[in-house]
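What follows is a single structure, written as structure tokens, with notes after it.
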Amino acid sequence: MGGLSKKAYQLEKIRGLHELPYLTLDGGNLLFKQERLSPGLLRQAKIAAEGIVDSYNLMGYDAVAVGRYDLAAGLSFLQEQAAGSKFTWLSANLVNKSDEKPLFSPSVIQKAGNLSVGIIGLTEYDGSLRSLENDAAVLLPWQKVLPELVADLEAKCDLIILLSNNNPKQNEEIAESFSNIHIIIQSTPHSRNIAPQLKNNSLLAKTGKQGKYLGWMLVSWYKSKTWGRAGAVKDLALKKQELDGIIGRISRIERRENEEELAKNSSYQKLVSTRERLLSEIIFLENELYDLREEGQAPSTFENQFVALDINLPDQPDVEKIVSAVKQKVNQEGRNQAAVTSQTSSGSELMTEELVFAGWLVCAECHKAQTEFWQRTDHASAYQSLVGQDQQFNLDCLPCHVTAEYKEIKISDDETALLSLPTKLQQIGCEVCHGPGKNHAASLEASAISRKPDIAICLRCHTSERDEKFNFDNDIEKIACPAGRRSNE
Ligand code: HEC
Ligand code: HEC
Ligand code: HEC
Ligand code: HEC
């Protein structure tokens, strides 16, 4: 959610670079990070999802595929969001159980300059969809819906784009089966940026998960409707690059030597003849491409770039406004939830001896030097940082700003437990790095506590998204507690 204002900023910037018509598309899995969310998490996540739709409206998106995760709050929630969206939600294969009629638009035709672009959406199909259990909806395999749809669009459109929430293997199969789907934008989670790859006549493109990057593609689309023989275009670019280098080297030698010396310099002579050869090859290739273009057979071309949505980028002010309003709303929801949980048994249980973590005050009794050191680190005030932003009830923030988890050990499987933690756990305490220490505090056995935290512990919170510059070897120096006498010695 936080990255949206950066995304909006980058979008405006990219659009400003070219005086060209553009489409803004998303492959889906937009609203939620998982397919299944616990009811407590879902209440906050739905508020954030509404904010995402508002932001996409402002950013002027054209179409978004319905991803599997977009259904995490159920079908009717997504239908409500679609009703308030200025862009089209697309799914050709999410259909009504009884009559197999699509529940969202299967496709849409958009104008980009003088091109008619057909855009299709697909929701990941793997035979079942748990979040739809209670809804009158089913998913169909792409084999069943695409042939007719693509044939219909082909007659009306110059270019066909598929926004696919399917997995990469299925997308490759689709590319092999339809040479008239020209671009496939993928949205499967857990993967990195993938530079567009040509399969059959489809460019398969994918931007890394969860809004860390914005991918853009500059497409020159010719009548051939094919990317085939793109090699010629690449050759041309490479030869031009080589020529630039040669010209540079020639002029450096020419500045150094007089004509007599040049005449005797054999490597100079060699460079000059390479220059001549490259020049004629470039002219030949350019003519070839020109002719093909005239005949409507030139391969279409693209340039592609991934733009990082860096934390240090400026925010687009209108989207930033939406984001901060949503964060306040989420926090208020969390505050209400906390008021409820603290009255129920699960809330008060947390306050009892059952708690897995002892809390830093217990450790402080015997480890004075380390405690004093730790209190000066930002870990000790991490929860206060949330309070400072009025975000201490946001379940999207809490897991990384409190003492509630160590490796696989969690304070509770119910995330809402984080809303009513006792104050002694409202910081990144000793046990986040050293593990639960109740047994150790009772037995004083060194073996009952872990001395040095490993990198995996830090990376749970110091993710590339939150702390791009994290460097274990350097950063552990900054927070490693000093050796020191224990007060019980
Ligand atoms: C009652 C005193 C006492 C309390 C309370 C206590 N410790 Fe210790 N701690 C010790 C002693 C004594 C040792 C040294 C044990 C040894 O060297 O055999 C020790 C050792 C350690 C070590 C080093 C282990 C090693 O392998 O060298 C760590 C880390 C540690 N404690 C963390 C904690 C944390 C975290 C807490 C709070 C959950 C805590 N301690 C609570 C007395 C205490
Ligand atoms: C539970 C999440 C969490 C874990 C685990 C964690 N950190 Fe942090 N760390 C944070 C947060 C949050 C902050 C910023 C706190 C603030 O400013 O409010 C931070 C701040 C820091 C800082 C800057 C603090 C300063 O005082 O200079 C360093 C360095 C750091 N962490 C290193 C580490 C290392 C090394 C590890 C692993 C041994 C680690 N952290 C484990 C969440 C975590
Ligand atoms: C995945 C773990 C994680 C989550 C989730 C997370 N944070 Fe943090 N946060 C960190 C880490 C790590 C740092 C320290 C970064 C650094 O040292 O550069 C940090 C630092 C901070 C800081 C202090 C530094 C600053 O930027 O001023 C604030 C405030 C903060 N986070 C607020 C939030 C809020 C609000 C949320 C929820 C919307 C949130 N965090 C969610 C890990 C997290
Ligand atoms: C962000 C992670 C982190 C937190 C939080 C943290 N420590 Fe440590 N602690 C370390 C690291 C790293 C070392 C150094 C281990 C090594 O190099 O062997 C260390 C070392 C220690 C040692 C062994 C010191 C010795 O004699 O060499 C003790 C005891 C200890 N910590 C206690 C605490 C206590 C008590 C707290 C809370 C008040 C705390 N730690 C909080 C990371 C942490």
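Just a few scattered comments:
- Criterion violated by Tyr125 - all others in (1) under 19 Å from Ile185 (Cβ atoms); (2) modelled with pLDDT of 95 or more; (3) buried (at least 17 other Cβ atoms within 10 Å of the Cβ) satisfied: (2)
- All helices (runs of 4 or more DSSP H) inside region 142-258 with 3 or more residues being of a type in the set (Lys, Arg): 230-256
- Which listed residue is away from ligand 2 (no atom under 12 Å from the Cβ) and within 27 Å of Ile311 (Cβ to Cβ), from Glu372, Glu415, Glu405, Glu445: Glu415
- Residues in region 447-458 that are touching a helix residue (DSSP H, G or I) at 6+ places or on another chain (Cβ under 8 Å) and not basic (Lys, Arg) were compared, and the one that is nearest to ligand 1 (Cβ to nearest atom) is Ile449.
- Candidate set: region 460-483, residues that are open to solvent by 70 Å² or more (accessible area, probe 1.4 Å) and closer than 15 Å to Phe373 by Cβ; chosen: the one nearest to ligand 3 (Cβ to nearest atom): Lys478
- Restricting the first member to region 75-101 and to residues that are touching a residue at least 12 places away in the same chain (Cβ under 8 Å) and under 16 Å from Ala45 (Cα atoms), and the second to residues that are in a loop (DSSP other than H, G, I, E, B) and among the β-branched types (Val, Ile, Thr), the beta-carbon pairs closer than 9 Å and six or more apart or on different chains are Leu78/Val66.
- Flag for Leu262 being part of a helix (DSSP H, G or I), closer than 29 Å to Val219 by Cβ and not assigned by TED's automatic domain parsing to the domain that holds Ile14: no
- On the stretch given as region 425-459, residues that are more than 20 Å from Ala369 (Cβ to Cβ), in a helix (DSSP H, G or I) and open to solvent by 50 Å² or more (accessible area, probe 1.4 Å) total 8.
- Looking across region 380-401, the residues that are surrounded by 20 or more Cβ atoms within 10 Å (Cβ to Cβ), within 15 Å of ligand 4 (Cβ to nearest atom) and assigned to a helix (DSSP H, G or I) come down to Ala382, Tyr383.
The values are calculated or read from the model by the stated rules, or taken from the named source; none is laboratory data. Since the structure is predicted, the reported quantities are computational estimates derived from the model, not experimental observations. Reconstructed Cβ throughout: ideal geometry from the backbone, glycine too, with neighbour counts over all protein chains shown. To get the accessible areas, we keep the full protein, side chains included, count just its heavy atoms, and leave off ligands, DNA and RNA. Shrake-Rupley method; radii C 1.70, N 1.55, O 1.52, S 1.80 Å.
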